[in-house]
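Beneath this line is the structure, given in structure tokens, with notes to follow.
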Amino acid sequence: MNTNTTRSNINTPSMEIERKYLVKKPSILQLSAHAELSICGIIQFYLISKEGAERRIRARWKGTHTSYFLTEKREITPLCREETEREISFDEYVNYHDERDFSLSSIVKQRICFDYKGQLFELDIFSFSDKFALMEIELKSENDTVTLPDFIEVIKEVTNDPHYRNRNLAKTQTL
């Protein structure tokens, strides 16, 4: 790890409340017929856990711009986690690779963000699945009502199923 990186550089934790759904993988053409899309690429690596936190580094690119992030999450409930995330430099990103959990594969995905009835959805299409994808929505409260897009075939809600957590997907490489 870069010795110039200190815990004080990490943002204050925030609560991440989200629901997650297993969906039939839609085509970009199908999605763009119903919503304006924002698309980016993501590769993430999990780091060795410290102090009970799930840790990862992520490179995220859109066009020619790439950003790098360090994220730590602690589960409060299956629906709610404490999340601390900060943007890091490319050098820090490279240095964090020394802390990788080599028992896990990288996660490579295309993230498609779109608005449906005033709700922002994130659809993750994984490199290892040609049939399924995961769709998430972040909420302000665990009791918020979600109106699912009628143009995406939802197979089931998987919020409470640990098999569909990205860290587990890094192990199984299957949906």
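The values are calculated or read from the model by the stated rules, or taken from the named source; none is laboratory data. Computed from a predicted model, the values in this text were never measured in an experiment. Using ideal geometry, Cβ is built from the backbone for each residue, glycine included, and neighbour counts are taken over all protein chains shown.
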Report task. Could you please find all residues in region 34-65 being exposed (fewer than 14 other Cβ atoms within 10 Å of the Cβ) and either part of a loop (DSSP other than H, G, I, E, B) or of a type in the set (Val, Ile, Thr) (or both)? Result -> 36, 37, 48, 51, 52, 63, 64
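What residue, among those in region 57-74 that are charged (D, E, K, R) and touching an Asp or Glu at 6+ places or on another chain (Cβ under 8 Å), is farthest from residue 104 (Cα to Cα)?
Among those that are charged (D, E, K, R) and touching an Asp or Glu at 6+ places or on another chain (Cβ under 8 Å), it is 74.
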**Report entry** Members of region 11-59 found to be over 17 Å from the mean Cα position of the chain (by Cα) and of a type in the set (D, E, K, R), listed by number
**Finding:** 24, 36, 50, 51
Query raised in the report: What about residue 158, is it closer than 29 Å to residue 47 by Cβ and modelled with pLDDT of 95 or more?
Result: yes
Requested in this report: Scan region 108-123 for residues that are in a strand (DSSP E or B) and in contact (Cβ under 8 Å) with a residue 24 or more places away in the chain and jot them down.
Outcome: 108, 109, 110, 111, 112, 113, 114, 115, 116, 119, 121, 123
Requested in this report: Please verify whether region 92-105 includes one or more residues that are among the β-branched types (Val, Ile, Thr) and within 21 Å of residue 25 (Cα to Cα).
Outcome: no
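Is it true that some residue in region 137-146 is over 18 Å from the mean Cα position of the chain (by Cα) and part of a strand (DSSP E or B)? It would help to see each step written out before you state the result.
Looking only at region 137-146, we keep the residues that are over 18 Å from the mean Cα position of the chain (by Cα), and these are 141-146.
Now drop any that are not part of a strand (DSSP E or B), which leaves none.
There is no residue in region 137-146 that is over 18 Å from the mean Cα position of the chain (by Cα) and part of a strand (DSSP E or B).
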Query raised in the report: Can residue 82 be described as within 27 Å of residue 31 (Cα to Cα), of a type in the set (Asp, Glu), modelled with pLDDT under 95 and touching a strand residue (DSSP E or B) at 6+ places or on another chain (Cβ under 7 Å)?
Result: no
Requested in this report: Could you tell me whether region 151-170 includes any residue that is assigned to a strand (DSSP E or B), closer than 22 Å to residue 24 by Cβ and in contact with a Cys (Cβ under 8 Å, 6 or more places away or on another chain)?
Outcome: no
Query raised in the report: Regarding residue 69, is this residue within 30 Å of residue 143 (Cβ to Cβ), of a type in the set (Phe, Trp, Tyr), in contact with a Phe, Trp or Tyr (Cβ under 7 Å, 6 or more places away or on another chain) and not in a helix (DSSP H, G or I)?
Result: no
Report summary line: Picked from region 84-132 (must be among the aromatic types (Phe, Trp, Tyr) and in contact with a Leu (Cβ under 9 Å, 6 or more places away or on another chain)), the residue nearest to residue 54 (Cα to Cα) is 96
Query raised in the report: Is there a residue in region 135-155 that is surrounded by 13 or more Cβ atoms within 10 Å (Cβ to Cβ), over 16 Å from residue 21 (Cβ atoms) and among the hydrophobic types (A, V, I, L, M, F, W, C)?
Result: no
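Only residues that are of a type in the set (Gly, Ala, Ser) and within 28 Å of residue 160 (Cα to Cα): list them for region 81-117, please.
Of the residues in region 81-117, the ones of a type in the set (Gly, Ala, Ser) are 89, 103, 105-106.
Hits for region 81-117 are 103, 105, 106.
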